[in-house]
Amino acid sequence: MTIKEIALLAGTSRGTVDRVLNGRGKVNPELAARILEIAEREKYRPNQLAQALINSRKALRVGIVIHSVDNPFFNDVLKGIYDRGKKLYSFGLRLSVQQIKGYDPDEQLKALEKLQQEGVNGLAIMPIDCPEIKKALETLEIPIVTFNSDIDIERLAFVGCDYYNSGMMSGDLARVMLHHGGTAAVVVGNLMVRGHSERFCGFTDSLRECSNITVLGPLENQDDDAISYKIVSQLLREKQVDLLYFGAGGLKGGIQAVKESGQNIQILAVDETDLVRQYLRDGTIAATVTQQPYLQGDLSVRLLYEYLSTQKRPKQVACFTSNEIKLRHSI
């Protein structure tokens, strides 16, 4: 694929294509986006020596803040991030990824400060929903995409699932599983992660009309297996539970506690990690609600790059990924 061929497909001149691919001059945002889409689709590769020179002067650096350490769900999110970064590397994109364990606002603030010092041109962040983070993000004068979880700031886009709907879907499953009534307990990661709190709200709202079902929780495990084991063990020593809904990570530790309790408890989960698939196959959990993690990483980087390079905004701010129920025989 040559610049001339891209120009023919885009219905424009070779000079315009050259300006878009090399980041020179102003081009109509829609036309520029079309040119980039064609170049990517057709696997266009510019002269590497010339492109290296261009990139050294015109590189766009995107910062990523993600709470992925010891949380296998984010493996696919990171794969989406890095794959998109590789596709756009020859067009001048550079990634700076800050990975964090747990949900400590101070750790997220440190990551933001480091990215500011690096001079990033845009930010994709899984924000902790608290005043300190909100204030820090509002002071940034760069485009921001929130992904996986959201916060009330002016941002280019949010990329992630509709967490309230995800919780409602899990609640609907619980209604069927507990059709004779019972007690359902909810375990989430951290209520300062908006997605976790919205899942809990959706779950409880779905069951609100079921007078024969009691909901306990939410219990917070910080997406950590050791904490999950501890809080679920304590819960099962104190309460009779018929169903456990894990609305975030920490599934392995929580299920270990269930098995050691000897109680016959039905279990619902979220996402589709290797561990979740294993538990579905062996019948440990009944169902899970997934949310397209790879797309969350890929699309977040793509939207930022398109805006930084062409000023093209997404058609909508809320870019929802699909919620899908997976059962034992649908994985």
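The values are calculated or read from the model by the stated rules, or taken from the named source; none is laboratory data. This one's a predicted model, so the numbers in the text were calculated from it and none came from an experiment. When we count neighbours, we look across all protein chains shown, and the Cβ atoms used for this are built from the backbone with ideal geometry, even at glycine. The accessibility values were calculated without ligands, DNA or RNA, using every heavy atom of the protein model including side chains. Shrake-Rupley method; radii C 1.70, N 1.55, O 1.52, S 1.80 Å.
Could you pull out the residue among E198, E272, E220, E209 that is modelled with pLDDT under 95 and closer than 23 Å to G102 by Cβ?
Going through E198, E272, E220, E209 in turn, the sole match is E272.
What's the number of the only condition in (1) surrounded by 14 or more Cβ atoms within 10 Å (Cβ to Cβ); (2) at pLDDT 80 or above that G15 fails to meet?
Condition not satisfied by G15: (1).
Can you go through A248, A269 and tell me which one is free of Cβ contacts under 8 Å to residues at least 40 places away in the same chain and closer than 22 Å to D70 by Cβ?
None of the other options fit; the residue is A269.
Taking region 298-328, which residues are exposed (fewer than 15 other Cβ atoms within 10 Å of the Cβ) and of a type in the set (S, T, Y)?
S322
Does Q222 meet the test of being polar (S, T, N, Q), buried (at least 16 other Cβ atoms within 10 Å of the Cβ), in contact with a helix residue (DSSP H, G or I) (Cβ under 9 Å, 6 or more places away or on another chain) and within 22 Å of M169 (Cα to Cα)?
Judged against the criteria, Q222 is not a match.
Could you pull out every one of the helices (runs of 4 or more DSSP H) wholly within region 200-311 that has 1 or more residues that are in contact with a Pro (Cβ under 7 Å, 6 or more places away or on another chain)?
274-281, 293-310
Going through region 158-189 one residue at a time, which ones are among the small types (G, A, S) and surrounded by fewer than 24 Cβ atoms within 10 Å (Cβ to Cβ)? Full working, then the answer.
Filtering region 158-189 down to residues among the small types (G, A, S) leaves 160, 166-167, 170-171, 174, 181-182, 184-185, 189.
Listed by number, the residues that qualify are G181, G182, A185.
Okay, residues lined up against (1) touching a strand residue (DSSP E or B) at 6+ places or on another chain (Cβ under 9 Å); (2) under 24 Å from A318 (Cβ atoms):
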{"site": "Q99", "(1), (2)": "yes, no"}
{"site": "L123", "(1), (2)": "yes, yes"}
{"site": "P131", "(1), (2)": "no, yes"}
{"site": "I144", "(1), (2)": "yes, yes"}
{"site": "S149", "(1), (2)": "yes, yes"}
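Taking into account only those residues within region 99-130 that are within 16 Å of the chain's Cα centre (by Cα) and open to solvent by 30 Å² or more (accessible area, probe 1.4 Å), which is nearest to E40 (Cα to Cα)?
The extreme case among them is Q99.
So, in region 279-294, how many residues would count as being crowded, with 20+ Cβ neighbours inside 10 Å and touching a residue at least 60 places away in the same chain (Cβ under 8 Å)?
5
Quick check on region 280-327: of everything there that is at pLDDT 95 or above and aromatic (F, W, Y), which residue is nearest to the chain's Cα centre (by Cα)?
By that ranking, first place goes to Y294.
Restricting to region 233-250, and then to whatever is within 20 Å of D271 (Cα to Cα) and in contact with a Leu (Cβ under 8 Å, 6 or more places away or on another chain), can you tell me which residue is surrounded by the fewest Cβ atoms within 10 Å (Cβ to Cβ)? Steps first, please.
Step one: list which residues in region 233-250 are within 20 Å of D271 (Cα to Cα), which gives 243-250.
Now restrict to residues that are in contact with a Leu (Cβ under 8 Å, 6 or more places away or on another chain): 243-246.
Working: L243: 20, L244: 29, Y245: 26, F246: 28.
This residue is L243.
A quick yes/no check of all residues on (1) open to solvent by less than 10 Å² (accessible area, probe 1.4 Å); (2) closer than 30 Å to T273 by Cβ; (3) at pLDDT below 85:
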position: A32; (1), (2), (3): yes, no, yes
position: I35; (1), (2), (3): yes, no, no
position: N47; (1), (2), (3): no, no, yes
position: A52; (1), (2), (3): no, no, yes
position: V69; (1), (2), (3): no, yes, no
position: P72; (1), (2), (3): no, yes, no
position: K79; (1), (2), (3): no, yes, no
position: K86; (1), (2), (3): no, yes, no
position: Y89; (1), (2), (3): no, yes, no
